[in-house]
1. Taking only DSSP H segments of four or more residues, each worth -39500 (n - 2.57), what value at 222 nm results for the chain once the sum is divided by all its residues, to the nearest 500 deg cm²/dmol?
2. Got a sec? Charge dipole of segment 1-140, +1 on Cβ for Lys and Arg, -1 for Asp and Glu; which of Ala49, Ala101, Pro80 is way out at the positive end?
3. Based on Cβ point charges of +1 for Lys and Arg and -1 for Asp and Glu, what charge dipole magnitude is obtained for segment 46-118 about its Cα centre, in debye rounded to the nearest 20?
4. Nothing charged except the Cβ atoms of Lys and Arg (+1) and of Asp and Glu (-1): what's the magnitude of the dipole of segment 2-169 about its Cα centre? Round to the nearest 20 debye.
5. Taking other Cβ within 10 Å of each residue's Cβ, how do Thr24, Thr158, Thr73 sort, fewest first?
6. Any idea what the relative contact order of the chain is, in percent, if you count C-alpha pairs under 8 Å spaced at least 6 apart?
7. What is the list of residues in segment 10-47 whose amide nitrogen lies under 15 Å from a point 7 angstrom out from the Cα of Lys171, following Cα to Cβ?
8. Considering only the chain, what is the antiparallel percent among its DSSP beta bridges, to the nearest 5?
Amino acid sequence: MKTMILLAEGLEECEALMTYDLLTRAGIDTDLIGLENDITSSHHVHLFAEKTIQDIDPNDYDVLVLPGGMPGTKNLEDHPLVQAFLDHFYNRGKLICAICAAPSILIHRGWLSDQEFTCFPGFESGKISTGEKVHKCGNIITSRGLGAVCEFASAIITELKDKETADDVLKRIQA
């Protein structure tokens, strides 16, 4: 299983990097894919993406992760290749994971109209969030935000590997 975490200007860096860290600790092949090579987070942290979205093939990946943050979420949503990748993953039933404000992208696409989900309060777009830290429905995992990033990554690890691996990773970081 190969995972991509998309990085856009203005992202919440800890949601991306902590998810990356925990997935790699679980032995999951994970790439940080930027909309461009140099990314500045919403907190002015400079990141360098391993690859850019223009240089990859979505067929090479099984999981797509959308970190939140503003204006990172808006920048992801406005990018045509992100939209194409989302369609590719959704139409093939591949795992899509979104945290914080990023589930709003899926809401705007109509994919959460009849599904339960969670997100950062205020980004529900008229839909009703479960309010849980993490929620999985079908091939979509959503999460409230940075305070739930360990649970978010754990849900992804559980889906890709198993609960024992997820629990072991959290135990090793003292979560």
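1. The per-residue figure over the chain is -10000 deg cm²/dmol.
2. Ala101
3. Approximately 120 debye in magnitude.
4. 420 debye
5. Fewest-to-most Cβ neighbours within 10 Å comes out as Thr24, Thr158, Thr73.
6. Averaging sequence separation for qualifying contacts and normalising by length gives 21 percent for the chain.
7. What the label zone holds, given the 15 Å backbone N cut-off, is 26.
8. Here the share of antiparallel DSSP bridges comes out near 25 percent.
Laboratory data are not the source of any read-out in this text; all were calculated from the coordinates shown. Fair warning: this is a prediction, and the values are worked out from it, not measured in the lab. Using ideal geometry, Cβ is built from the backbone for each residue, glycine included, and neighbour counts are taken over all protein chains shown.
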